[in-house]
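Note sheet for the following structure.
What follows is calculated from the coordinates using simple rules that are stated; it is not laboratory data. Predicted model, so just to flag it, every value in this text is computed and none were measured. Every residue, glycine among them, receives a Cβ derived from its backbone with ideal geometry; neighbour counts consider all protein chains shown.
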């Protein structure tokens, strides 16, 4: 297959490109700068410019674009950046995919589509939440509509916390736990849907090669855990104590609105669509996933 990847420089995109090449696929990378390698194609979402030759002969496009949700404290301008870095590029790319007749578009989204759901289990058929992140995910997914309307098979990845030492939350937590400063966040009863990096990449590869997979797909581990359970598992794997408790009020003071949107509340989401399609997880429990991270 010839697969074109947007957002290939992040830790998920980097791992995906390596896996595609390992499996013998041809990879093209869309970059927001002048192309500097034979497999790169410069594009400018703000000007709705996608080089026609970038998508020529492509079997699939994978769009992983988006500014980091927790990279900065939220304010009005950064929340707008979170939207602009996702919705505009997706709309432009979906239009280009439609024009080029690319058969498959796999587009990133997030499990925050559902808001926090307490103990209630949610699947891909559950309704969206109403918070900022839920609205962002809904609008992000809707931006793929030009491709879907043209007959492209569109897969919308509602990704959970991806476990890797190279990026995401785990990269920030590891040094704290190493110093014995790990601990529960808030009351610890909120769910933290997770997935190993290997299964995140595995799910994308599975979606690329299985035409029965389309629409929303929860890329989450099959056994979601609460924050307290995650904390205990990480402390056990790292052989460090995690007796501290970070009160909700302190989290809100430090990170503001992000605390309520993404830290103190989370959906108990399960990967119903992936399992129904026959995907076999490499890591089915949080213990297996964390062990795979720290044994490498």
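State, as an integer percentage, the relative contact order of the chain based on alpha-carbon contacts under 8 Å between residues 6 or more apart.
19 percent
At 0.36 nm per residue, and after removing the present C-alpha to C-alpha distance, how many nm does the segment from residue 187 to residue 209 gain when stretched out fully?
Taking residue 187 through residue 209 to full extension adds about 3.8 nm, to one decimal.
Separation between the residue 145 and residue 32 pseudo-spin-labels, each 7 Å from Cα along Cα→Cβ, expressed in nm?
So the two model labels end up 2.4 nm from each other.
Measure off 7 Å from each Cα along the Cα-to-Cβ vector at residue 176 and residue 11, then give the distance between these two points in nanometres to one decimal.
Each label point lies 7 Å from its Cα, and together they span 1.4 nm.
With both bridge residues required to lie in the chain, what share of the DSSP beta bridges run antiparallel, to the nearest 5%?
Counting only bridges with both partners in the chain, antiparallel ones make up about 10 percent.
Based on the mean of other Cβ atoms within 10 Å per residue, sort peptides 201-207, 44-50 so the most packed one is first.
Sorting 201-207, 44-50 by mean packing, highest first, produces 201-207, 44-50.
What ranking of 285, 226 emerges when the number of other C-beta atoms within 10 Å of each C-beta is taken as an exposure proxy, fewest first?
Going from sparsest to densest Cβ surroundings: 285, 226.
Quick check on the chain: helices-only [θ] at 222 nm, where DSSP H runs of length 4 and up contribute -39,500 (n - 2.57) each and the sum goes over total residues. Nearest 500, please.
Numbers: 12 runs with 114 residues, N = 296.
The helix contribution divided over the chain gives -11000 deg cm²/dmol.
Using the beta-carbon distance between residue 67 and residue 166 and R0 = 22 Å, what value does 1/(1 + (r/R0)^6) give for FRET efficiency, to the nearest 0.05?
Numbers: r = 18 Å, r/R0 = 0.81.
Efficiency for this residue pair is about 0.80.
Measure off 7 Å from each Cα along the Cα-to-Cβ vector at residue 23 and residue 285, then give the distance between these two points in nanometres to one decimal.
Modelled inter-label distance: 2.8 nm.
Quick check on the exposure proxy: order 30, 179 from fewest to most C-beta atoms within 10 angstrom.
Taking fewest neighbouring Cβ atoms as first place, the list is 179, 30.
Just to confirm my numbers, what's the Cα centroid distance between region 218-296 and region 56-91 in Å?
If you average the Cα positions of each part, the centres end up 23 Å apart.
Is the C-alpha gyration tensor of region 206-285 telling us rounded, prolate or oblate? Criteria: a/c under 1.5 is rounded; beyond that, a/b larger than b/c is prolate, otherwise oblate. Don't skip to the answer; put the middle values down first.
On the way: a/c = 3.63, a/b = 1.75, b/c = 2.08.
The shape class here is oblate.
In region 98-234, what % of DSSP beta bridges are antiparallel (nearest 5)?
15 percent
By counting other Cβ atoms within 10 Å of each Cβ, how are 184, 32, 83 ranked from fewest to most?
Least to most surrounded, the residues fall as 32, 83, 184.
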